[in-house]
Amino acid sequence: MGYEGKPTGSPLLRLRGRLAAVALATLAVIVFGGVIVLGLVLHRPPQAISGSPSATPAASATTEVVVTPSSTPTASATTDATPTPSLSTSNGPSPRTGASVAYDVSSQALVVFGGYPGPGYTTLTDTWTLRGGSWQLMHPSVAPPVLDGASFVYDPVRKVTILHGPQKRPLGTPTVYDTWTWNGQKWSQVAVGSGPSLWTSTGAFDQAHGVLVVFGVQAGGSPETWTWDGSRWTRQKPVTLPPARSGESMGFDPVSRRVLLFGGRRDDTGVLGDTWLWDGSNWTEQHPAEAPSPRMNAAMASGQTLVLYGGGDLLSDTWIWTGSTWKEMTPAQNPGGRRPCGAGSNGTTVLIFGGELGTGPSSAVLTNDVWSWDGVTWNRLK
């Protein structure tokens with residue numbers, strides 16, 4: 001406040017003068033403030049005027065991929081920043097990636113458990129079956145908890161599907177490893193308190209020896225091989241074994257009667273493109289003349305032959321293992337580039353479900369479609 005000097009005149013006159021000055025000043029403030037507010041309103045963007053919050057800035061955009069029966073997805077721009085499915089099958093699983101997928105031969109159904117509906121979302125624990133072209137949401141009395149990177153493999157000897165992996169738990173808490181079986185109607189927990197304690201793992205059923213084979217890595221970085229015979233876990237101690245990795249693919253080759261492991265990623269050397277065979281007691285690296293490019297998270301399952309599809313940076317190539325080398329196939333159509341989609345087989349036909357088709361600024365473009373491989377080409381089922 002400035003210095004006014006010594007007041008003059010009577011107190012009443014001075015009071016009247018001050019009241020008049022205050023009134024004029026107040027009127028000026030009101031008029032000037034109204035002009036400023038009017039100017040701000042006229043210059044605010046429409047989004048702010050509406051008063052409705054927006055999930056993304058108006059200038060941002062993601063890419064929506066629409067899968068059609070063609071060799072590659074068709075891309076179109078959209079401003080929707082939420083996970084966008086390429087297909088929306090009513091009465092079926094929501095679009096997701098990383099789901100545990102296997103084909104239950106005994107019940108003639110593709111089984112889908114859990115998965116991730118998008119970045120920052122809670123992992124799913126629902127169980128779905130696809131039988132006769134129709135999806136059914138199962139309602140078992142008990143179900144596995146969230147398992148992070150679990151292997152899901154059908155056991156034709158005991159006619160159950162085996163789920164094994166670490167529970168997804170808060171940081172700083174002890175890791176718990178679970179083994180569950182699905183018999184077509186209900187889940188059962190088995191091998192409580194025993195089994196491999198692997199930070200990451202992949203599995204395949206060894207039909208030549210009647211056991212589930214799991215390859216994985218301990219939290220300390222050491223690779224291990226385990227087998228499950230339906231009642232107990234056994235750690236195998238092969239002379240040679242593949243280097244530690246994550247995101248590898250495994251399947252049983254019906255030609256050579258061996259379990260095959262391909263690719264993955266190491267933190268020190270990056271993605272891998274090596275091929276290994278398990279004969280029931282030892283791993284042997286293969287050196288085929290032709291092979292898929294290095295990648296992780298490729299789909300793999302055994303039909304008439306062992307089939308590998310996609311993975312990596314949204315690849316869409318199809319390979320089969322002939323028993324001694326890789327052979328790239330040239331189907332008339334394919335499911336488009338995706339990762340990591342789940343795969344299963346009824347013994348002749350390979351099925352793949354879901355996966356990530358692309359990424360946008362703040363979300364993944366996910367799908368819930370199903371494709372089948374008949375040995376010649378891919379066909380979309382759902």
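Just so you know, all these numbers are worked out from the coordinates, no wet-lab data involved. Everything numeric here is computed off the predicted structure, so don't read it as measured data. Here the Cβ positions follow ideal geometry from the backbone for every residue, glycine too, while neighbour counts run over all protein chains shown.
Annotations
- Nitroxide proxy distance, nm - points 7 Å out along Cα→Cβ at His287 and Gln108: 4.8
- Taking packing as the residue-averaged number of other Cβ atoms within 10 angstrom, the listed peptides 332-338, 346-352, 143-149 run from highest to lowest as 332-338, 346-352, 143-149.
- Given Lys186/Lys382; Lys168/Lys327; Lys186/Lys327, the pairs whose alpha carbons are separated by over 31 Å: Lys168/Lys327; Lys186/Lys327
- The slack between Gln304 and Arg380, meaning 0.36 nm per residue of separation minus the straight C-alpha distance, is 25.5 nm.
- Alpha-carbon Debye profile of the range 253-302, log10 I(q)/I(0) at 0.21 Å⁻¹: -0.83
- When the alpha carbon gyration tensor of the range 289-382 is reduced to an equivalent ellipsoid, the three semi-axes, largest first, read 22, 16, 10 Å.
- The value of relative contact order for the range 254-382, using C-alpha pairs under 8 Å at least six residues apart, is 18 percent.
- Multiplying the residue separation of Arg266 and Lys159 by 0.36 nm and subtracting their alpha-carbon distance yields 35.1 nm.
- Estimated distance in nm for a label pair at Ser188 and Thr234, the labels positioned 7 Å out from Cα along Cα-to-Cβ: 2.1
- Using only the C-alpha atoms, the convex hull of the range 66-380 corresponds to 133 Å³ per residue.
- If the chain linking Val255 and Thr322 were pulled fully straight, counting 0.36 nm for each residue of separation and taking away their Cα-Cα distance, it would gain 23.4 nm.
- Inter-site label distance for Arg169 and Asp148 at 7 Å from Cα along Cβ, in nm: 1.1
- Mean sequence separation of contacting Cα pairs (under 8 Å, at least six apart), scaled by the length of the range 66-380, corresponds to a relative contact order of 17 percent.
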